[in-house]
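S.K.: One structure is given below, represented as C-alpha cells, and several questions about it will come after.
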Amino acid sequence: MKAELVEAIPGITPYVSLIGADGRRDSTGAFAELVADIGPAELLGLYRDMVIIRRIDTEATALQRQGELGLWPPLLGQEAAQIGSARALAPDDFVFSSYRENGVAWVRGVAPTDLLVTWRGVAQSGWDPFIHRMATPQVIIGAQTLHATGYALGMQLKQSDSVAVTYFGDGATSEGDVSEALVFAASYSAPVVFFCQNNQWAISEPVRVQSRTAIVDRAAGFGIPGIQVDGNDVLAVMAVTRSALARARRGEGPTFIEAVTYRMGPHTTADDPSRYRPPADLEEWAAKDPLARVAAYLRDAGVLDETSEAEVTAAADAVAAELRAGCLAMPDLPPGALFDHVYAEPHPRIDEQRAAQDAYLRMFS
Ligand SMILES: Cc1ncc(C[n+]2csc(CCOP(=O)(O)OP(=O)(O)O)c2C)c(N)n1
Ligand SMILES: [Mg+2]
C-alpha cells in the first residue's frame with residue numbers, strides 16, 4: 001500500500017475514477033496501483049457479487065409487493081459503492097451501517113434470509129454482530145457514525161488493527177450525530193472510515209438542499225482528509241477504501257469518502273419517487289449503471305461470455321430462491337413476542353403495554 005496517497009494535512013482528493021461508464025479501465029496513477037492485483041478474474045468476482053445483491057434486492061422488493069414483507073429499502077444503483085468498499089475490508093474490521101447496506105451485509109457473510117427478519121416483523125434484529133463483524137442496521141439517521149467512532153476509540157486503546165467503517169447517506173451529513181462522530185474521530189485520530197453514499201436523495205429531498213458544497217468538502221472543516229470517488233465504479237471505490245483503511249491502520253486517523261452514486265429505486269417500498277424525481281435524472285444515471293460498465297470491461301477482457309454470464313445468473317437465481325423460501329418459512333410469532341426482547345430484564349412499562357395489547361386482542365376472541 002502507498003503511504004502517501006492521502007495527505008496527513010487534510011486535503012480533498014477530487015473524483016477518483018478507474019473504470020468509466022464505457023467500460024474502459026485507467027491503469028495509471030496511485031489509486032490504480034492500489035488495485036493492480038484486481039485483474040479480470042477478480043473483477044468477475046466483484047461483478048458476480050453485484051449481480052447477486054441486485055437479485056436479492058429485486059426478490060425482496062417482490063416479496064414486499066406480495067405482502068410478505070412490511071417494508072424493504074432497495075439498493076438499486078448503489079451496488080458498486082457497497083461491493084467495492086466491503087470487499088476492501090479485512091475480516092477483523094467492523095461495519096456500522098444504515099438500513100440500505102444489504103450488499104455490505106452479503107459480503108460480511110450475513111445469510112440473505114437474515115436480511116429479511118426485521119422487515120417481516122419476526123425479530124427485532126437480524127444477526128449476531130460479532131459473528132459477521134457488522135452491527136445490525138441503524139434506522140436512526142446517522143447514529144451509527146457515533147457507534148463507529150466509539151468502537152474505533154476502543155480499538156485504539158487496545159492497539160488493535162481493526163478499523164471501524166461506517167456507512168451513511170448524504171442526508172445523514174445534516175445530522176448532529178454525524179458532526180459529533182467526525183469531531184471525536186478527528187480529535188483522537190480514531191481508526192474509522194466514514195463512507196458516505198451520496199445517492200442524491202434523502203427520501204424526496206435532493207442533495208443540493210442538504211449541502212451547498214460537495215459533501216466531501218465538509219471533511220476539511222473537521223480536519224479529516226476527504227476523497228470523492230465515482231461511486232458507480234467498483235474498482236475506484238475499492239482503491240479509495242483500501243487507501244483509507246491503510247491510513248487508519250498506520251495510526252493516521254479517520255478518512256471521509258464520498259461515493260457519488262444514485263438511488264435508482266424508491267427510498268423504500270413505501271415511497272413513490274415519480275412524485276418528485278425528474279425522469280431525465282434516472283435516464284442519465286441508468287447510462288452510468290455500475291454493473292453495465294464492469295460487464296463491458298469483462299467482455300472486452302474475454303472473461304465474461306455466455307457460459308460465465310449464465311453461471312453468474314444461475315448463482316443469483318439460487319440465492320433469490322433461497323431468500324424466498326426462507327422468508328415464507330419464517331414462523332409467525334405470537335403478538336406478545338413483540339415485547340420479549342425490548343429489555344433484558346422485566347420492566348413495568350413493558351408489562352403495562354403487554355397487558356394493554358392482551359386486552360385489545362381479547363376484544364376479538
Ligand atoms: C434521526 C432521524 N430523522 C429522520 C428519520 C426519517 N428518515 C428515514 S430515512 C431518511 C433520509 C435519509 O437520507 P440519506 O441519509 O441520504 O440516506 P438514504 O436513505 O438516501 O440512503 C429520513 C429523513 C430517521 N429515520 N431518523
Ligand atoms: Mg441519500
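S.K.: Just want the ordering: SER211, SER97, SER274, from fewest to most Cβ atoms lying within 10 Å of their own Cβ.
M.R.: Details: SER211 16, SER97 25, SER274 9.
Ordered from fewest to most neighbouring Cβ atoms within 10 Å, SER211, SER97, SER274 come out as SER274, SER211, SER97.
S.K.: With θ set to phi - 60°, apply the Karplus curve 6.51 cos²θ - 1.76 cosθ + 1.60 along region 14-28 and write out the HN-Hα couplings as whole Hz, x wherever there is a Gly or Pro.
M.R.: Computed from phi, the couplings for region 14-28 are x, 3, 8, 8, 10, 10, x, 4, 8, x, 7, 9, 9, 9, 10 Hz.
S.K.: Step through the residues of region 63-68 one at a time and calculate ³J(HN,Hα) from phi using the Karplus curve (6.51 cos²θ - 1.76 cosθ + 1.60, θ = phi - 60°), rounding each to whole Hz and writing x for Gly and Pro.
M.R.: 4, 5, 5, 8, x, 8
S.K.: Just how far, in whole angstrom, is region 143-207 from region 314-365 if you go by their alpha carbon centroids?
M.R.: Centre-to-centre (Cα) distance: 31 Å.
S.K.: In what sequence do LEU116, LEU44, LEU157 fall when counting other Cβ within 10 Å, fewest first?
M.R.: Details: LEU116 27, LEU44 20, LEU157 9.
Final ranking by Cβ density, sparse to dense: LEU157, LEU44, LEU116.
S.K.: Find the relative contact order for region 1-115 and round it to a whole percent, using C-alpha pairs within less than 8 Å whose residues are 6+ positions apart.
M.R.: On the way: 65 pairs, mean separation 22.0, N = 115.
Result for region 1-115 is 19 percent.
S.K.: Then there's this: Quick one: order HIS341, HIS267, HIS347 by neighbouring beta-carbon count within 10 Å, fewest to most. Walk me through the numbers on the way to the answer.
M.R.: On the way: HIS341 10, HIS267 20, HIS347 13.
With the fewest neighbours first, HIS341, HIS267, HIS347 line up as HIS341, HIS347, HIS267.
S.K.: Restricting to the chain, compute how many DSSP beta bridges are antiparallel as a %, nearest 5.
M.R.: Numbers: 3 of 27 bridges.
Given both bridge residues lie in the chain, the antiparallel proportion sits at roughly 10 percent.
S.K.: Now, a different point. Multiply the residue gap between SER204 and ASP317 by 0.36 nm, knock off their C-alpha separation, and tell me the result in nm, one decimal place.
M.R.: Working: separation 113, 0.36 × 113 = 40.68 nm, distance 3.19 nm.
Taking 0.36 nm per residue and subtracting the Cα distance, the gain is 37.5 nm.
S.K.: Given the alpha-carbon gyration tensor of region 15-333, what are the semi-axes of its equivalent ellipsoid in whole angstrom, ordered largest first, with each equal to the square root of 5 times an eigenvalue?
M.R.: Working: eigenvalues 148, 117, 83 Å².
The three semi-axes for region 15-333 are 27, 24, 20 Å.
S.K.: Now for a separate question. If you take the square roots of the eigenvalues of the alpha-carbon gyration tensor of region 193-324 and sort them as a ≥ b ≥ c, do you get rounded (a/c under 1.5), prolate (a/b over b/c) or oblate?
M.R.: On the way: a/c = 2.02, a/b = 1.24, b/c = 1.63.
Because a/c hits 1.5 or more and a/b fails to exceed b/c, region 193-324 counts as oblate.
Taken together, the values in this text are just the output of simple stated rules run on the coordinates, not laboratory data. Since the model is a prediction, treat every value here as computed from it, not as a measurement. Neighbour counts are summed over all protein chains in view; Cβ atoms, including those assigned to glycine, are modelled from backbone coordinates with ideal geometry.
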